[in-house]
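The values are calculated or read from the model by the stated rules, or taken from the named source; none is laboratory data. Just so we're clear, the structure is a prediction, and the values are computed from it rather than from any experiment. Glycine gets a Cβ as well: all are built from the backbone with ideal geometry, and neighbour counts include every protein chain shown.
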């Protein structure tokens, strides 16, 4: 039986490439396409162990595995050559590690993205969708700064080729993804250790892996050069999230300990800046942030400036806020809590 999810028709009988294909998103989008009419799925990553695990688990002729690193442009040529569409998910995403090794974030998130786009343009890939993060908006940490610069690279490179459409998605915390807080809280509860939270008032967007895939497909189907797509997502406080998980695990007396903010953390995250909201296009479930189409003519920046003072940013403090019961309901709807 073919995949019942809606897949853009132009993906039928195509060859797609996924960088960072063994990560949480890469694995999810690969699974999404595996039972579709996509002809070939090329998974690119540095992790040979995870590739071997995927190869054995799925044992599917559509899957082709390539050991490669986005930092090394030469390792990208084989998987990208002959590819119709590309989804760029390879990144360094951990805020604390990027704080201590900021140049590693630059090498992967900025230079690595440029390498991917360079090869995509060179080999005539039809469309590229790059994954960004809410931490790129008003960034205060190295990971967010590198992702913000990555977005600038995407927009700049998108203007260079009419044959390769380059756009991006920007999303908040993806529930249950590798390195996110939900697996950490789950492990702490199961091991009988206190749940550690940094700030009880801290808010974060709540988005599932499946929604992340659909956001990327929406961008793929609707994106023009340089567009960035954002899903309107609910948010909750870290305190409510922790209490919701204790309710799911039926551990009402389990302790919650406040340990203070980590390196580079913000009280809330923004998905669309105030400046972007002024010209963002409301697509219903999504916002589309269009690139500035003006060229390098500084005269027009003086004579054709924009007034952004009347707009508000879209962040995890002013979006739809979930209470305890709503957060429990949302968590229970996710696959990772099916057996709890």
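Worth a mention:
- Scanning region 133-146 for residues that are buried (at least 24 other Cβ atoms within 10 Å of the Cβ) and farther than 18 Å from residue 204 by Cα yields a count of 2.
- Only one of the numbered conditions (1) closer than 20 Å to residue 7 by Cα; (2) in contact with a helix residue (DSSP H, G or I) (Cβ under 7 Å, 6 or more places away or on another chain) is violated by residue 214, and that is (2).
- Criterion (farther than 19 Å from residue 139 by Cβ and in contact with a helix residue (DSSP H, G or I) (Cβ under 7 Å, 6 or more places away or on another chain)) met by exactly one of 289, 259, 240: 240
- Residue within region 199-209 that is under 12 Å from the mean Cα position of the chain (by Cα), assigned to a loop (DSSP other than H, G, I, E, B) and buried (at least 19 other Cβ atoms within 10 Å of the Cβ) present: yes
- Qualifying residue in region 12-27 (condition: without any contact (Cβ under 8 Å) to a residue 12 or more places away in the chain and surrounded by fewer than 19 Cβ atoms within 10 Å (Cβ to Cβ)): no
- Any hit, region 79-101, residues being more than 24 Å from residue 136 (Cα to Cα) and more than 22 Å from the chain's Cα centre (by Cα): yes
- Taken over region 80-90, the criterion of being touching a residue at least 60 places away in the same chain (Cβ under 8 Å) and part of a loop (DSSP other than H, G, I, E, B) is satisfied by 82, 83, 84, 89, 90.
- Just so you know, in region 238-264 the residues that are touching a strand residue (DSSP E or B) at 6+ places or on another chain (Cβ under 7 Å) and either assigned to a strand (DSSP E or B) or at positive phi (or both) include one that is modelled with the lowest pLDDT, and it is 258.
Let's see how each residue does on (1) touching a strand residue (DSSP E or B) at 6+ places or on another chain (Cβ under 8 Å); (2) at pLDDT 95 or above:
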position: 54; (1), (2): yes, no
position: 61; (1), (2): no, no
position: 64; (1), (2): yes, yes
position: 68; (1), (2): yes, yes
position: 83; (1), (2): yes, yes
position: 97; (1), (2): no, no
position: 103; (1), (2): no, yes
position: 115; (1), (2): no, yes
position: 118; (1), (2): no, yes
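- Members of region 4-26 that are touching a strand residue (DSSP E or B) at 6+ places or on another chain (Cβ under 9 Å) and assigned to a helix (DSSP H, G or I): 10, 11, 24, 25, 26
- Answer residue from region 265-281, given it is surrounded by 16 or more Cβ atoms within 10 Å (Cβ to Cβ) and within 15 Å of residue 203 (Cβ to Cβ) and is modelled with the lowest pLDDT among those: 265
- Here residue 130 meets the list (1) touching a helix residue (DSSP H, G or I) at 6+ places or on another chain (Cβ under 7 Å); (2) modelled with pLDDT of 95 or more; (3) surrounded by 18 or more Cβ atoms within 10 Å (Cβ to Cβ); (4) part of a helix (DSSP H, G or I) almost entirely, failing just condition (4).
- Enumeration of residues in region 158-183 that are more than 19 Å from residue 323 (Cα to Cα) and either modelled with pLDDT of 90 or more or assigned to a strand (DSSP E or B) (or both): 158, 159, 163, 164, 165, 166, 167, 168, 169, 170, 171
- The residues listed here are 93, 64, 77, 50; of these, the one that is crowded, with 19+ Cβ neighbours inside 10 Å and either touching a residue at least 12 places away in the same chain (Cβ under 8 Å) or in a helix (DSSP H, G or I) (or both) is 93.
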